[in-house]
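This report concerns only the one structure given below.
Since every read-out is calculated from the coordinates, none of them should be taken as a lab result. Quick caveat: nothing in here was measured; it's all calculated off a predicted structure. Reconstructed Cβ throughout: ideal geometry from the backbone, glycine too, with neighbour counts over all protein chains shown.
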Amino acid sequence: MSSIPSVRVHVAIVGAVLTLVGCGSPAEPLTSSSTPPPVGQTDTAARAPRSIGPQQFAEAIAAPERVTINVHVPYEGDIAGTDLSIPFDQIEAQINRLPTVRSTALAVYCRTGRMSTIAASTLANLGYHDVVELAGGMQAWEQSGRTLVWR
């Protein structure tokens, strides 16, 4: 009789182990035919924003197809040619103001670089593939001999 409870315990343990093993990650990577995860959860590293200095930023925003966004609050001036002003913490809430095509090239900046780093990450998480942000912000821009404009 004592062997029957022992067998039940072993069966229960084996069942639990098999259940846990079955819940693990797949042995093979997901293929391109798999359903992709929702926007914001796909290959984020492949589209991570790039932090660039004033010279590269000036070259980047000279491209007419790149949308330039001032994300600094409160307002402390703009880089000439800025297309939009959206507070860094309102990017998601104001997504309707952003280009609908996620491959649109974007450039973001703020006063020191802290807010633009946050905004650039938010944009990448929203699915934008080509995002650059001005390292050091408008302060670095001015230190490089460039000027700001005021509206």
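Nearest 20 debye, what's the magnitude of the dipole of region 48-143 about its Cα centre given +1 on Lys and Arg Cβ and -1 on Asp and Glu Cβ?
160 debye
Near Thr68, the amide H atoms lying under 5 Å from its own belong to Asp83, Leu84, Ala107; only residues 5 or more places off or on other chains count, and H is placed 1.01 Å from N. The mean sequence distance of close C-alpha pairs (under 8 Å, at least 6 residues apart), as a share of the length of region 48-143, puts its relative contact order at 38 percent. Region 74-99 and region 109-131 have Cα centres separated by 11 Å. Simple rule: put +1 on each Lys or Arg Cβ and -1 on each Asp or Glu Cβ in region 48-143, find the dipole, and look at Leu123, Leu106, Met138; the Cα lying farthest toward the positive end is Leu123.
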